[in-house]
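Quick notes on the structure that follows.
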Amino acid sequence: MRLRRATSWNLLGLGTPVVLALFCVPILLSNLGRERFGLLSLTWTLLGTAALFDLGLGRALTVSVAQRLTLPGENGAYERVISGLAVLSVLGTVVGLLLASLSCKISLYVNRGAVPLHEVRATLMVAAPAIALVVASSGVACCLEAFRRFDISNIMRLMVGAGTVGGATVASYFTSSLPILAAVMAGSRMLSTATGFLLLQSSLSLHKPQRQKVRLDIIGFVRFGRWITAGNALNPLLSYADRFALTVLVAASSIASYVVPYDVLTRLLIVPGAVSSSLLPSFSASTSRDALRQTLFKGVGAIAALMFPILLILVIFAHWLLGLWISRDFADQGYRIAQILSIGVMSNSMATLPFLVLQAQGRARQIVLVQICEVPFYLGALYYAGTKFGVVGIASAWSIRMLLDAVLLWCLVRKVLAGELLTPSVT
């Protein structure tokens with residue numbers, strides 16, 4: 001599939017839920033109230049980012065399968081897909097069971113306002129099995145991207161977006177129960193995963209070996225993605241640290257003033273995400289330094305040209321746009337947060353392709369070292385800023401980390417492009 005067509009599919013799959021959310025968030029906020037909507041949005045974000053719990057094995061699966069597809073004959077792509085999906089299914093189940101077992105304790109630390117404690121616990125119990133589905137679904141989507149079937153992987157995203165945002169909005173007219181709304185979102189994940197797996201069979205059948213018994217290569221798959229896994233083991237901590245700081249350090253009535261701008265602005269990362277997903281198979285099989293450099297800077301230039309004007313407009317007109325979209329009172333509380341988060345989103349956009357190149361070229365170890373160094377400083381900054389400046393402080397700490405990430409990743413990529421690239425090993 002051509003880069004332009006693949007990117008278009010990615011933008012459709014990632015962008016449609018964003019457009020849908022623009023219409024549905026005000027309705028949900030009106031139907032549920034700020035406290036319930038704030039807690040629902042945390043559940044929404046948990047399910048939306050639960051793919052992080054695959055610990056990077058989904059990305060490793062894409063890289064590994066894409067490399068194997070370049071080999072002739074029985075290249076082992078079939079075995080790698082089955083092995084990868086088996087590992088991810090088990091991993092998702094373990095994470096889901098862990099969340100379910102800790103739901104009672106976690107609910108005690110949530111600033112829930114007037115929402116009953118039992119309702120928060122029930123919501124977490126519903127979200128637990130949904131996390132297992134999200135991790136498995138992530139594996140299926142990664143396999144489809146390795147086969148360049150971006151159309152099917154984005155049909156899965158469209159199904160999830162329609163069920164998560166649209167389904168919850170429709171259900172909110174009939175009930176304000178958080179567990180029921182969470183169940184609607186979980187149901188859309190189940191349907192999407194089943195559909196994607198069935199459609200994957202058509203691409204996978206072409207690479208099925210002739211022998212009757214298929215040997216799973218689970219150890220080889222885990223070994224291949226060990227550094228990506230090590231790096232992504234830190235991602236849940238880094239990704240959820242700001243949300244945890246919100247629930248502990250900030251009143252429940254103020255959470256929405258951070259969550260709403262954050263969710264909208266980070267949805268703009270569909271642009272670098274669409275480009276990077278399309279380029280990952282090419283990056284994975286590349287052995288030419290010049291070709292890699294040309295592809296990288298072409299992609300980065302396109303991302304910058306698209307993201308900078310949009311974010312500049314949002315920074316300048318943040319107060320007016322929030323007032324027009326939700327209310328003037330909400331704009332008074334959230335516009336400064338939106339401006340600060342915009343800086344972090346731009347920095348994150350510029351770091352997307354360097355991050356991908358390092359992983360695809362076997363340099364995930366350097367990324368791990370950078371993340372390990374960041375953790376104590378970031379957690380300390382969140383605590384200090386959240387305690388001292390509240391929601392604005394947490395937003396500032398998040399944006400500074402994004403900027404630091406971008407600078408460090410570009411320094412690493414510069415060293416890679418200046419030296420001899422290792423030929424990607426197919427293991």
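Could you work out the pair-distance distribution P(r) of the chain from its alpha-carbon pairs, with 10 angstrom bin width and percents rounded to whole numbers?
That works out to 4, 21, 33, 27, 12, 3, 0, in percent per bin.
Which value in nm describes the separation of the simple spin-label points at Ser30 and Lys298, placed 7 Å from the Cα toward the beta carbon?
4.7
To the nearest whole percent, what portion of all C-alpha pairs in segment 284-337 is separated by more than 12 angstrom?
For segment 284-337, the share of Cα pairs beyond 12 Å comes to 71 percent.
List the trypsin sites (Lys or Arg not before Pro) in segment 1-39 that DSSP assigns to loop (not H, G, I, E or B) and whose Cβ has at most 13 other Cβ atoms within 10 Å. Which are they?
The qualifying sites are Arg2.
Rank by packing, highest mean first: peptides 57-63, 388-394, with packing defined as the count of other Cβ atoms within 10 Å averaged across residues.
Peptide ranking by packing, descending: 57-63, 388-394.
To the nearest 500 deg cm²/dmol, what mean residue ellipticity at 222 nm is calculated for the chain from DSSP H runs of n ≥ 4 alone, each contributing -39,500 (n - 2.57), summed and divided by the residues?
Theoretical 222 nm ellipticity from helices: -28000 deg cm²/dmol.
Using each residue's phi in segment 341-349, evaluate 6.51 cos²θ - 1.76 cosθ + 1.60 at θ = phi - 60° and report the 3J(HN,Hα) Karplus result to the nearest Hz, with x for Gly and Pro.
The phi angles translate into 5, 4, 5, x, 5, 5, 5, 4, 4 Hz.
For helix 34-48, report the angle its Cα long axis makes with the longest principal axis of the Cα atoms of the chain; keep it between 0 and 90° and round to the nearest 10°.
Roughly 0 degrees, rounded to the nearest 10.
On a 0 to 90° scale, report how tilted helix 289-316 is relative to the longest principal axis of the chain, with both axes built from alpha carbons and the result rounded to the nearest 10.
10
Which FRET efficiency, nearest 0.05, do Val90 and Leu403 yield, Cβ-Cβ r, R0 35 Å?
Step by step, r from the Cβ atoms, then E = 0.40.
So for segment 234-427, considering every pair of alpha-carbon atoms, how many percent are separated by more than 25 Å?
42
What are the ³J(HN,Hα) values, in whole Hz, obtained from phi via the Karplus relation 6.51 cos²θ - 1.76 cosθ + 1.60 with θ = phi - 60°, for each residue of segment 185-202 in sequence order, with x given for Gly and Pro?
5, 5, x, 5, 5, 4, 5, 5, 5, 4, 5, x, 5, 5, 6, 5, 4, 5
Extension gain Ala194-Ile310, at 0.36 nm per residue separation less the Cα-Cα distance, in nm?
Here the segment from Ala194 to Ile310 would lengthen by 38.2 nm.
Could you sort the peptides 182-195, 124-137 by per-residue average Cβ neighbour count (10 Å cutoff), highest mean leading?
Most protected by this proxy first, the peptides run 124-137, 182-195.
FYI, it's all coordinate maths here, none of it is from the lab. Fair warning: this is a prediction, and the values are worked out from it, not measured in the lab. All Cβ positions, glycine included, derive from the backbone under ideal geometry; neighbour counts span all protein chains shown.
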